[in-house]
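Have a look at the structure below, then the notes.
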Amino acid sequence: MTATEPFRIEPLSSAHDRSRFTSGSAPLDRYFGEQASQDIKRRIATCLVAVSVQTGEVAGFYTLTSASVALDALSPEMARKLPRYPVVPAALLGRLAVARSFQGRGLGSALLGDALLRVARVELGVFAMLVDAKDDGTQRFYERYGFTLLPGEARRLCLPIATALRVLERRVL
């Protein structure tokens, strides 16, 4: 899960030029350009950016926020070993986008890996990462890394953090 070009991943700040970022997804581009900094200020979400070491250009971003998932919304296999709390803690990967000029270089995978590692290292209880796939292609992307659909959900996928760490170890970051 590493990109082929050197990037640094850091929190979004006013030093990052967001005006030229285009991923091909108008809602993601609009969010990044107009709302991401407001969500950060309001402590609604964290936004991290991949910056090209060579050019300083923002090559991609993702957002994380806290979430929870109802125990009975998990598959029986996932829920089996969990305590019988009504909900379990999770992190939501709300948005992930790569600029068109950087697509096809493995950066999306690198951003996903970074997000999973950050969630795993946080000093809070977080059972799983959740994502909402916007389409079939996005869903297949997440499924390649072990995410599975939550029963009864059209596009919400879940990956236990313990499973994510095993996947990351096999892929050698």
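For the chain, the normalised intensity computed at q = 0.20 Å⁻¹ comes to -1.44 (log10 of I(q)/I(0), Debye sum over alpha carbons, equal scatterers, no solvent). If you take the Cα centroid of segment 128-173 and the Cα centroid of segment 38-80, the two points sit 13 Å apart.
Counting only DSSP beta bridges with both residues in the chain, the antiparallel share comes to about 90 percent. In this structure, residue 103 and residue 124 have a Cβ-Cβ separation that, at R0 = 22 Å, corresponds to a calculated FRET efficiency of about 0.10. Rounded to the nearest 10 square angstrom, residue 10 shows an accessible area of 50 square angstrom against a 1.4 Å probe.
Here residue 55 sits with roughly 90 square angstrom of accessible surface, probe radius 1.4 Å.
Stretched out fully, how many nm does the piece from residue 19 to residue 34 gain, at 0.36 nm a residue minus the Cα gap?
Values: separation 15, 0.36 × 15 = 5.40 nm, distance 0.93 nm.
Full extension from residue 19 to residue 34 adds 4.5 nm.
So what is the calculated 222 nm ellipticity per residue for the chain, using -39500 (n - 2.57) for each DSSP H run with n of 4 or more, over all residues, to the nearest 500 deg cm²/dmol?
Details: 6 runs with 49 residues, N = 173.
Dividing the helical sum by the residues of the chain leaves -7500 deg cm²/dmol.
Compared with the rule-of-thumb size 2.2 N^0.38 Å for a compact globular protein, segment 16-74 has a Cα radius of gyration ratio of 1.36. Stretching the chain fully between residue 132 and residue 170 yields a gain of 11.2 nm (0.36 nm per residue, less the alpha carbon separation). A Förster radius of 41 Å combined with the Cβ-Cβ distance from residue 82 to residue 41 puts the calculated FRET efficiency at roughly 0.75. With N as its number of residues, segment 61-161 has a Cα radius of gyration that, divided by 2.2 N^0.38 Å, comes to 1.08.
The values are calculated or read from the model by the stated rules, or taken from the named source; none is laboratory data. Everything numeric in this text was worked out from a predicted model, so none of it was measured. Counting neighbours? That spans all protein chains shown, and the Cβs are built from the backbone with ideal geometry, glycine included. We work out accessible area using only protein heavy atoms, side chains counted, and drop any ligands, DNA or RNA first. Shrake-Rupley method; radii C 1.70, N 1.55, O 1.52, S 1.80 Å.
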